[in-house]
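To start, the structure under review is shown below, and the notes come after it.
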Amino acid sequence: MTRTALLRPIALLLAALAASCGPATVRPASYSDPATPCPGGQSRWNLEILDQRAERDATEKMTAAIRNGIQSSFTGCRWSASPEAGAGTITIEVHRFASVHDVESWEAAVEWSVRATTAEGRTLTEFEANEEVSRLNYRGSDNEKESLTQAFQASLERTIKGLRALPSLSGSRALPAIEAFRPRQGTAPSLEAPGRGGT
């Protein structure tokens, strides 16, 4: 038996182990707008990201991608991962964040809910930012990462638009769910060119 034949099962095993370590790493993205440096005309927010997936693999990696995307989109905010008195709270509850190989394609799904509340606990807005993407299994491409990145960026962009729509908190009233950001399954919106980091 040749050396290549002996190494092939080891390579397959390593690939399987890597795939079992949670979702692929997504490319970073941001959707900043100088006109809205911070949601609701505020200068600080608490940002809470909760992993509510059935299988909570690589939670830190996933929450870091979401947190970095939101914080880099609102650079005029001071963000706190630990609750600070006197600041409102934006909560992201993640229900799905994965891409699965299905014969000739990769099926990615990112689903999370967004809720913004005042420091007193009054809900300002609540909506969902869900996205599903189907990508052909192109040879020589990291299709898991590319499909999950596309779904992630679409959900992030929808989240930023929803938070940007918050009115100034001074004298504001609680808002109904924002219908424009309800889930749209099976399609990926045309994305504005996001600020992306390296692969």
Anything in segment 140-173 that is modelled with pLDDT under 50 and in contact with a helix residue (DSSP H, G or I) (Cβ under 9 Å, 6 or more places away or on another chain)? List them, or say none. S172
Out of everything in segment 22-70 that is polar (S, T, N, Q), surrounded by fewer than 19 Cβ atoms within 10 Å (Cβ to Cβ) and more than 12 Å from I92 (Cβ to Cβ), what residue ends up being farthest from the chain's Cα centre (by Cα)? S43
Would you check if P176 is modelled with pLDDT under 50, within 23 Å of E104 (Cα to Cα) and exposed (fewer than 14 other Cβ atoms within 10 Å of the Cβ)? no
Of residues in segment 133-146 being in a loop (DSSP other than H, G, I, E, B) and among the small types (G, A, S), the one surrounded by the most Cβ atoms within 10 Å (Cβ to Cβ): S141
Hits in segment 77-99 - residues which are in contact (Cβ under 8 Å) with a residue 40 or more places away in the chain and touching a Cys at 6+ places or on another chain (Cβ under 9 Å): C77
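The values are calculated or read from the model by the stated rules, or taken from the named source; none is laboratory data. Here the structure is a predicted model, which is why all the values come from computation and not from measurement. Reconstructed Cβ throughout: ideal geometry from the backbone, glycine too, with neighbour counts over all protein chains shown.
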